[in-house]
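A.B. asks: Take this structure first; my questions come after.
The values are calculated or read from the model by the stated rules, or taken from the named source; none is laboratory data. Note that the structure is a prediction, hence the values are computed from the model and not measured. Every residue, glycine among them, receives a Cβ derived from its backbone with ideal geometry; neighbour counts consider all protein chains shown.
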Amino acid sequence: MTELDPVIHAAARLRITAALAMLDTDESITFPRLQELLAMTAGNLSTHLRKLEDADYVGVEKTHRGRTPITYVQLTTTGRRAFEDYTRTLRTVLGEQS
Amino acid sequence: MTADDERPDPAEMLALMKDQQRSIEGQRGAFVPLILLSWGVAWLIGFGALWLIDGPGDAFSLPIWIAAAVFIALLVGAGVLSTVFGIRSSRGLRTGKDAAFVGLVYGQAWWVGSLAIFALGQALVFNGMDVDILRIFYPSAYIFFAGLMYVMAAAIWKAIPMLILGGWSILVSVLAPFAGYPTQHLVYALAGGGGFLIVALWSWIWTRRARRRLSLGTRS
């Protein structure tokens, strides 16, 4: 398998996926905090999150704390696997020993 | 085709991925040097004040109530700072059950262990130990315990600086008592506080470099 997953193989989406992959499997992060860590604009981040969500790589959960709406983002199991496959393929393509 | 649909170079992408993760580690750890700095100052000045009670001999003596007040204020201050920064670093994160359990057990172990050491010291006096020996026992036992907790933190969160700090604290805690009172307090101030300050500087350089990784490379 040397085909790089096109969903992840774009700078912005790779950065988002790499960031989310650092969380534990049952951990999630709020949209604003993710935006801050990635230094992306809200518009850019939501556009790419939607593409990742469409591929079922990212789960987005909208909830409330009191009256404030909060959006939590996390990688799905499919997304975590896809990211692992992607990095493995990347290293294979580059001939790097992992 | 938009810029997004271009097929980027694999080598650049691998570098971007590593830089991104390093950058986040740096951002999330940005508070660590400040915590270490506050503990370094607390040890250096706090134990320094305790040493000044009897250390300089006839030349000078800091009143015991001033020394104790300085020591306690600095330790409480460093504790509060650590808690505030610790909470700030995990803002926006919803932790899972595993992490919550680890955090809870580790956090509670601090005060449970501290109370146990206090009780142990009193038990030794109850069994006939000279009260003056508490001056040797308490600082040593507490620093030994803190060192063990740092080592545990290093094991749980895979943090090498904590391992070094923990190992160093344990070493200082078992060697300093041999210097006897009051010189041991000078050892805690210089070796203990100095150790914290060196690791603070090291972690400050590391996190600053990590945070800057991305701004040098690709941004989108």
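A.B. asks: For region A:17-32, does any single residue satisfy the condition of being within 11 Å of chain B (Cβ to nearest Cβ), part of a helix (DSSP H, G or I) and farther than 25 Å from B:Q27 by Cα?
C.D. replies: In the first step, residues of region A:17-32 are kept if they are within 11 Å of chain B (Cβ to nearest Cβ); the result is A:17-32.
Add one more test, that the residue is part of a helix (DSSP H, G or I), and what stays is A:17-21, A:31-32.
The next check asks that each one be farther than 25 Å from B:Q27 by Cα; those that pass are none.
No, that holds for no residue.
A.B. asks: Consider region A:55-84. How many of its residues are buried (at least 17 other Cβ atoms within 10 Å of the Cβ) and in a strand (DSSP E or B)?
C.D. replies: Looking only at that region, the number is 6.
A.B. asks: Here are B:S82, B:S114, B:S89: which of them is touching a residue at least 60 places away in the same chain (Cβ under 8 Å), polar (S, T, N, Q) and over 24 Å from B:T183 (Cβ atoms)?
C.D. replies: Numbers: B:S82 fails: touching a residue at least 60 places away in the same chain (Cβ under 8 Å); B:S114 fails: touching a residue at least 60 places away in the same chain (Cβ under 8 Å).
Of the residues listed, the single one that is touching a residue at least 60 places away in the same chain (Cβ under 8 Å), polar (S, T, N, Q) and over 24 Å from B:T183 (Cβ atoms) is B:S89.
A.B. asks: Taking A:E61 as meeting all but one of (1) closer than 20 Å to B:D19 by Cα; (2) in contact with a Ser or Thr (Cβ under 9 Å, 6 or more places away or on another chain), write down the number of the exception.
C.D. replies: All conditions are met except number (1).
A.B. asks: Still on this structure: Among the residues of region B:126-135, write down those that are closer than 24 Å to B:A179 by Cβ and either among the polar types (S, T, N, Q) or surrounded by 14 or more Cβ atoms within 10 Å (Cβ to Cβ) (or both).
C.D. replies: Going through region B:126-135, the residues closer than 24 Å to B:A179 by Cβ turn out to be B:129-135.
Selection gives B:M129, B:I133, B:L134, B:R135.
A.B. asks: Kindly establish whether B:I64 is surrounded by fewer than 18 Cβ atoms within 10 Å (Cβ to Cβ), among the β-branched types (V, I, T) and touching a residue at least 24 places away in the same chain (Cβ under 8 Å). Spell out the reasoning first.
C.D. replies: Details: surrounded by fewer than 18 Cβ atoms within 10 Å (Cβ to Cβ): yes; among the β-branched types (V, I, T): yes; touching a residue at least 24 places away in the same chain (Cβ under 8 Å): no.
Criteria not met by B:I64.
A.B. asks: Can you report the number of residues in region B:17-38 which are in a helix (DSSP H, G or I), modelled with pLDDT under 90 and not hydrophobic (A, V, I, L, M, F, W, C)?
C.D. replies: Qualifying residue count, region B:17-38: 4.
A.B. asks: Turning to a different aspect of this structure: Quick one: is A:A10 under 27 Å from B:K158 (Cβ atoms), within 9 Å of chain B (Cβ to nearest Cβ), crowded, with 17+ Cβ neighbours inside 10 Å and out of contact with any Ser or Thr (no Cβ under 7 Å at 6 or more places or on another chain)?
C.D. replies: Numbers: under 27 Å from B:K158 (Cβ atoms): no; within 9 Å of chain B (Cβ to nearest Cβ): yes; crowded, with 17+ Cβ neighbours inside 10 Å: yes; out of contact with any Ser or Thr (no Cβ under 7 Å at 6 or more places or on another chain): yes.
Judged against the criteria, A:A10 is not a match.
A.B. asks: B:S203 is checked against (1) hydroxyl-bearing (S, T, Y); (2) touching a residue at least 24 places away in the same chain (Cβ under 8 Å); (3) more than 30 Å from A:Q35 (Cα to Cα) and fails just one. What number does that condition carry?
C.D. replies: The one condition B:S203 does not meet is (3).
A.B. asks: Please enumerate the residues belonging to region A:13-26 that are charged (D, E, K, R) and surrounded by fewer than 19 Cβ atoms within 10 Å (Cβ to Cβ). Can you show your working first?
C.D. replies: Step one: of region A:13-26, the residues charged (D, E, K, R) are A:13, A:15, A:24, A:26.
Residues satisfying the conditions are A:D24, A:D26.
A.B. asks: Suppose we filter B:A42, B:A15 for residues that are within 13 Å of chain A (Cβ to nearest Cβ), more than 19 Å from A:E27 (Cβ to Cβ), among the hydrophobic types (A, V, I, L, M, F, W, C) and out of contact with any Pro (no Cβ under 7 Å at 6 or more places or on another chain); which single one remains?
C.D. replies: B:A15 is the lone residue from the list that is within 13 Å of chain A (Cβ to nearest Cβ), more than 19 Å from A:E27 (Cβ to Cβ), among the hydrophobic types (A, V, I, L, M, F, W, C) and out of contact with any Pro (no Cβ under 7 Å at 6 or more places or on another chain).
A.B. asks: Can you confirm whether A:T87 is assigned to a helix (DSSP H, G or I), facing chain B (nearest Cβ under 9 Å), closer than 24 Å to B:A210 by Cβ and at pLDDT 95 or above? Before you say what the answer is, go through the steps one by one.
C.D. replies: Values: assigned to a helix (DSSP H, G or I): yes; facing chain B (nearest Cβ under 9 Å): yes; closer than 24 Å to B:A210 by Cβ: yes; at pLDDT 95 or above: no.
Taking the combined requirement at face value, the residue does not satisfy it.
A.B. asks: OK, next. Please find, within region A:37-47, the residue that is surrounded by the fewest Cβ atoms within 10 Å (Cβ to Cβ) out of those that are part of a helix (DSSP H, G or I) and facing chain B (nearest Cβ under 8 Å).
C.D. replies: Here is the first cut: in region A:37-47, the ones part of a helix (DSSP H, G or I) are A:37-38, A:42-47.
Next cut, facing chain B (nearest Cβ under 8 Å) only: A:37-38, A:44.
Details: A:L37: 18, A:L38: 24, A:N44: 15.
Only one residue fits best here, namely A:N44.
Let's see how each residue does on (1) surrounded by fewer than 18 Cβ atoms within 10 Å (Cβ to Cβ); (2) in a loop (DSSP other than H, G, I, E, B); (3) more than 14 Å from chain A (Cβ to nearest Cβ):
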site	(1), (2), (3)
B:S169	no, no, yes
B:S173	no, no, yes
B:Y181	yes, yes, yes
B:Q184	no, no, yes
B:G192	no, no, yes
B:I198	yes, no, yes
B:L201	yes, no, yes
B:W204	yes, no, yes
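A.B. asks: For region A:16-58, which residues satisfy the criterion of being free of Cβ contacts under 8 Å to residues at least 24 places away in the same chain and of a type in the set (K, R)?
C.D. replies: A:R33, A:R50
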